[in-house]
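Peer 1: Following this message is one structure expressed as structure tokens.
The values are calculated or read from the model by the stated rules, or taken from the named source; none is laboratory data. In this text, all values refer to a predicted model and were calculated from it rather than measured experimentally. Reconstructed Cβ throughout: ideal geometry from the backbone, glycine too, with neighbour counts over all protein chains shown. The area values use the complete protein model at the heavy-atom level, side chains included, leaving out ligands, DNA and RNA. Shrake-Rupley method; radii C 1.70, N 1.55, O 1.52, S 1.80 Å.
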Amino acid sequence: MQLAGLFKNPKNELEKGGRNPVKNIEIPPEMTRTCPECHRNIPVSELWEARSVCSKCGHHFRMNARQRIDMITDEDTFREFDAEMRSRDLLAFHEYKRKLQNAKLACSENEAVICGESKIGGEACALFVMEPHFMMGSMGTVVGEKITRLFEYATEKSLPVVGFTVSGGARMQEGILSLMQMAKTSAAVKRHSDCGNFYLPVLTDPTTGGVTASFAMEGDIILAEPHATIGFAGARVIEQTIRKKLPQGFQRSEFLLEHGFVDAIVPRSEQKETIAKLLRFHRKDGDA
């Protein structure tokens, strides 16, 4: 029998069998975000644990709507309304369909507001939370319709409404139809109020334009997050119109508190407790 060469040395590492030794593999660093106030690079996991608040300077990063709902509501109590309602390109506006598709991909939501019924600290309420990553929370026909329906439901059920606003204003791609939502939502807020119900908006960064000029500023008590931008027109537009330099911090929540436009500034760590307390204080007569 010819045995020469039967037990030859392997030509490469793979012929030896088993796994190759793994050398010098670098584990990629955790994703971070830079705080715009103190410029610290913050690990994303740390931000999530801290409710998207910088532990060093207290800067409040923007939160998506689902994160906020999880943060503020009692576990397994949120029931969503009108989840499948979505905008259409009613005016055949240039590239609006594409922008709607991109917005949905960016945040996995159908629209710029989530509405429903929930409990906060054991207190039942109707709740809406705006989504900053869907076209910057802009208010179109669907946003206005969903918020109006929520107030109508709350009026029928005698529920208080809690709302978290974040918006760049009316959605220009829907023209006058988006501006009509200011009047529609305001009328729904008024009917809700006339029946003796409590409305508590929480203004987050940014709350601007037509949302500020309608339901955002119509609450019985108005709360805001620290350093949130709140206003109607942009600061540069105002300066160019009045031809004067605006005060330092103009349109920040602290400036608005000082001038009586909001009632309190509440950091995220205290929001659930504060909202639950206010809901208990404003229970209607006869409520348990």
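Peer 1: Could you tell me, in Å, what Rg and Dmax come out for the Cα atoms of region 137-288?
Peer 2: In order Rg, Dmax, the Cα atoms of region 137-288 give 16.1, 55 Å.
Peer 1: Might you report the magnitude of the Cβ-based charge dipole of the chain about its Cα centre, with Lys and Arg at +1 and Asp and Glu at -1, to the nearest 20 debye? Spell out each step's value before the answer.
Peer 2: On the way: 38 positive and 38 negative charges, 210 e Å.
The calculation lands at about 1000 debye.
Peer 1: Okay, next question. Based on DSSP H assignment, which helices of the chain show an axial Cα extent of at least 27 Å together with a mean Kyte-Doolittle hydropathy greater than or equal to 1.0?
Peer 2: Within the chain not a single helix satisfies the rule.
Peer 1: Same structure again: Per-residue ellipticity at 222 nm for the chain, helices alone: DSSP H runs ≥ 4 residues times -39500 (n - 2.57), over residue total, nearest 500 deg cm²/dmol?
Peer 2: Working: 9 runs with 95 residues, N = 288.
The helix contribution divided over the chain gives -10000 deg cm²/dmol.
Peer 1: Follow-up. How would you classify region 79-147 from its alpha-carbon gyration tensor, with a ≥ b ≥ c the square roots of the eigenvalues: rounded for a/c under 1.5, else prolate if a/b is greater than b/c, otherwise oblate? Working shown, then result.
Peer 2: Details: a/c = 2.91, a/b = 2.21, b/c = 1.32.
Here region 79-147 falls in the prolate category.
Peer 1: I'd like the antiparallel share, as a percent to the nearest 5, of DSSP beta bridges with both residues in the chain. Let's see the in-between values first.
Peer 2: Numbers: 16 of 32 bridges.
In the chain, approximately 50 percent of DSSP beta bridges are antiparallel ones.
Peer 1: For region 203-278, what percent of Cα pairs sit more than 19 Å apart?
Peer 2: Here the long-distance tail beyond 19 Å is 37 percent of all Cα pairs in region 203-278.
Peer 1: Right, next: Stokes-Einstein D for the chain at 37 °C, 0.692 mPa s, Kirkwood Rh over Cα pairs, in µm²/s?
Peer 2: Working: Rh = 21.4 Å.
For the chosen part, D equals 154 µm²/s.
Peer 1: Compute the signed sum of charges (Lys and Arg +1, Asp and Glu -1) over the other residues within less than 15 Å, Cβ to Cβ, of residue 89.
Peer 2: Values: positive: 86, 88, 97, 98, 99, 104, 171; negative: 95, 111, 174.
Overall, the nearby charge balance is +4.
Peer 1: Then there's this: Report the charge-dipole magnitude of region 156-288 in Debye, nearest 20, computed about the Cα centre from +1 at each Lys and Arg Cβ and -1 at each Asp and Glu Cβ.
Peer 2: Values: 16 positive and 15 negative charges, 57 e Å.
It comes to approximately 280 debye.
Peer 1: At a 1.4 Å probe radius, carbon and sulfur cover how many percent of the accessible area of the chain?
Peer 2: Values: 8650 of 16430 Å².
Carbon plus sulfur share of accessible area: 53 percent.
Peer 1: Hey, can you find the accessible area per residue of region 165-260 for me, probe 1.4 Å, expressed in square angstrom?
Peer 2: Numbers: 4500 Å² over 96 residues.
Counting only protein heavy atoms, the per-residue value for region 165-260 is 47 Å².
Peer 1: Sort 88, 283, 171, 40 from largest to smallest accessible area, using a 1.4 Å probe on the heavy atoms of the protein chains.
Peer 2: Numbers: 88 165, 283 100, 171 0, 40 60 Å².
My answer, sorted largest first, is 88, 283, 40, 171.
Peer 1: Within region 205-251, which trypsin sites (Lys or Arg not before Pro) sit in a loop by DSSP and count at most 11 neighbouring Cβ atoms inside 10 Å? Walk me through the numbers before you get to the answer.
Peer 2: Values: sites: 236, 243, 244, 245; in loops: 243, 244, 245.
Those that pass, being in a loop and sparsely packed, are 243, 244, 245.
Peer 1: Can you pull the semi-axes for region 229-272, root of five times each eigenvalue of the Cα gyration tensor, sorted largest first, whole Å? Write down the numbers at each step before the final one.
Peer 2: Details: eigenvalues 132, 19, 13 Å².
Semi-axes from the Cα gyration tensor: 26, 10, 8 Å.
Peer 1: For residue 272, which aspartates and glutamates qualify as cross-link partners when the Cα separation must be under 12 Å and same-chain residues fewer than eight apart are set aside?
Peer 2: Candidates past the 8-residue exclusion: 70, 74, 123.
Peer 1: Continuing with this model, one more query. Could you size up the charge dipole of region 68-197 around its Cα centre, putting +1 on the beta carbon of Lys and Arg and -1 on that of Asp and Glu, and report it in debye to the nearest 20? Walk me through the numbers before you get to the answer.
Peer 2: Working: 16 positive and 19 negative charges, 108 e Å.
Roughly 520 debye, rounded to the nearest 20.
Peer 1: Let me ask another. If region 135-191 were replaced by its equivalent ellipsoid, with semi-axes equal to the square roots of 5 times the Cα gyration tensor eigenvalues, what would those be, largest first, whole Å?
Peer 2: 22, 12, 8
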